[in-house]
1. Provide the gained length on full extension for the span E143 to K416, in nm with one decimal, where the gain is 0.36 nm per separating residue minus the Cα-Cα distance.
2. In square nanometres, what is the average projected area of the Cα convex hull of the chain?
3. With θ set to phi - 60°, apply the Karplus curve 6.51 cos²θ - 1.76 cosθ + 1.60 along the range 230-242 and write out the HN-Hα couplings as whole Hz, x wherever there is a Gly or Pro.
4. Mind pulling the per residue volume of the convex hull built on the Cα atoms of the range 39-93? Å³ is fine.
5. Can you flag which of K44/K391; K353/K391; K27/K167; K27/K123; K103/K330; K211/K391 are past 24 Å Cα-Cα?
6. Using 0.36 nm per residue of separation minus the Cα-Cα distance, give me the extension gain between I240 and E256 in nm, one decimal.
7. Label the range 309-363 by shape, choosing from rounded, prolate and oblate, from the square roots a ≥ b ≥ c of the eigenvalues of the Cα gyration tensor; if a/c is under 1.5 it is rounded, and otherwise prolate applies when a/b is larger than b/c, oblate when it is not.
8. Give me the distance between the Cα centres of the range 198-213 and the range 115-159, rounded to whole Å.
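The values are calculated or read from the model by the stated rules, or taken from the named source; none is laboratory data. The structure presented is a predicted model; accordingly, all values stated were derived computationally and were not measured. Cβ atoms come from the backbone with ideal geometry, glycine included; neighbour counts cover every protein chain shown. Quick note on the areas: whole protein, heavy atoms, side chains included, nothing else; ligands and nucleic acids left out. Shrake-Rupley method; radii C 1.70, N 1.55, O 1.52, S 1.80 Å.
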Amino acid sequence: MARLVMKFGGSSVADIDRIRNVARHVKREVDAGHEVAVVVSAMKGETNKLVDLVRAASVLHDQREYDAVVASGEQVTSGLLAIALQALGIPARSWQGWQIPIKTSDAHGSARILDIDGAPLVKAFAERNEVAVIAGFQGIHAESGRIATLGRGGSDTSAVALAAAIKADRCDIYTDVDGVYTTDPRVVPKARRLDKIAFEEMLEMASLGAKVMQVRSIELGMTHNVRIFVRSSFDAPEDIDPHRPPPGTLICDETEIMEHEVVTGIAFSRDEAQISVRNVEDKPGVAASIFGPLADANINVDMIVQNVSPDGKTTDLTFTVPAADFERAKATVETARETIGFARLDVAEDVCKVSVIGVGMRSHAGVAARGFRALADRGINIRAITTSEIKFSLLIDAAYTELAVRTLHTLYGLDKA
Ligand code: ADP
Ligand code: ASP
Ligand code: MG
């Protein structure tokens with residue numbers, strides 16, 4: 001017997017038929033003798049609808065009430081799945097975040113999980129053989145008693161946190177693709193499914209745009225060493241051979257992976273905007289005068305490029321911010337114009353950050369240089385570059401996104417045979 005967490009995302013619970021299909025997947029594991037906690041997302045498109053309703057009510061709104069509204073999507077699916085399981089003769093009940101409780105911080109809209117008491121769920125397994133169906137994405141800020149949500153894609157984090165809390169043997173993430181691919185398989189048909197990916201690589205992939213897993217779920221998996229297995233909910237449960245490992249990707253410790261390719265995957269994000277501050281004085285303190293106010297405004301600056309000054313007097317400083325913070329970032333720099341001292345701001349919103357990731361880069365030189373050359377051969381201009389030990393990122397015009405990703409995918413030998 002094993003203890004499992006099974007998480008089903010929005011497209012896996014998109015309608016009643018799909019919820020029945022999920023119930024059959026759960027039944028398969030229960031019949032095999034396992035203790036099961038299920039985490040569900042809202043039905044596909046529901047969270048977007050709820051977010052739109054909140055914005056329609058008022059663009060500037062109380063984030064606590066935003067959470068009260070958007071958490072409701074998961075409440076619906078948890079109840080529906082419990083009903084579908086009961087209809088198959090399986091004891092099951094729904095749990096909202098506050099009922100367990102899943103305790104969170106008070107950062108409404110993107111709260112962090114602080115603590116989960118797994119004891120009531122474990123007791124229900126032992127005493128009643130009951131499947132726990134947990135509403136993902138939500139918890140409670142204990143001090144204020146208010147519902148809090150975990151940020152978009154947060155059900156992944158609910159699932160991994162629960163797996164850690166109940167000491168599950170595995171956390172299966174069921175989604176609409178059958179694993180983690182070398183890049184988004186919907187954009188690059190030649191993308192290849194990975195059997196295994198290291199936590200660190202998945203963390204980079206997720207934070208650089210691969211939305212298959214929420215970033216925080218990987219951070220938690222890494223800290224608590226949860227075995228996360230990404231697989232498809234679209235296989236018919238009856239077709240799965242219980243004696244063979246199903247297709248999917250294990251996210252695990254780097255040491256469990258025998259052979260590392262130099263490059264593991266490519267991620268991209270169009271949610272970026274570029275700001276260039278022209279003709280700032282080339283003297284100490286200028287960068288601080290720009291990035292200090294941005295930090296105070298809680299704006300995450302990502303890529304930073306400072307040109308070498310041609311005359312020793314003035315230079316240009318370019319950086320990127322999340323697209324959602326673009327207007328605020330521009331206004332913040334404009335407000336600090338007196339202290340910074342610059343000629344003008346040039347901005348670009350139609351940009352994309354393409355990132356190449358692999359722990360194998362630690363021990364190989366010249367990986368990025370080959371990428372720069374391949375893009376130049378395609379006439380793709382690179383606006384900014386950042387590198388770290390296991391990845392490099394390039395900012396390019398958004399119009400070239402697919403061409404750039406496909407070019408790099410082929411260059412680094414990632415195309416499937
Ligand atoms: P869910 O609703 O199950 O949480 P998501 O839509 O959040 O599913 O995530 C699954 C999607 O992530 C896939 O449909 C795919 O288009 C996208 N994706 C992006 N990058 C990757 C990747 N490297 N591997 C697999 N899927 C990816
Ligand atoms: N329903 C939430 C969202 O759409 C959480 C999730 O699906 O993981 O972001
Ligand atoms: Mg998701």
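1. Stretched out fully, the E143 to K416 stretch lengthens by 93.1 nm.
2. The directionally averaged projection comes out at 22.6 nm².
3. Per residue, the Karplus-derived 3J(HN,Hα) values read 9, 8, 9, 8, 8, 6, 5, x, 5, 8, 7, 7, x Hz.
4. Spread over its residues, the Cα hull of the range 39-93 gives 72 Å³ apiece.
5. On the way: K44/K391 32 Å; K353/K391 12 Å; K27/K167 21 Å; K27/K123 20 Å; K103/K330 36 Å; K211/K391 17 Å.
Distance filter (> 24 Å) returns K44/K391; K103/K330.
6. Working: separation 16, 0.36 × 16 = 5.76 nm, distance 2.53 nm.
That pair, I240 and E256, stretches by 3.2 nm at full extension.
7. Verdict is oblate for the range 309-363.
8. 24
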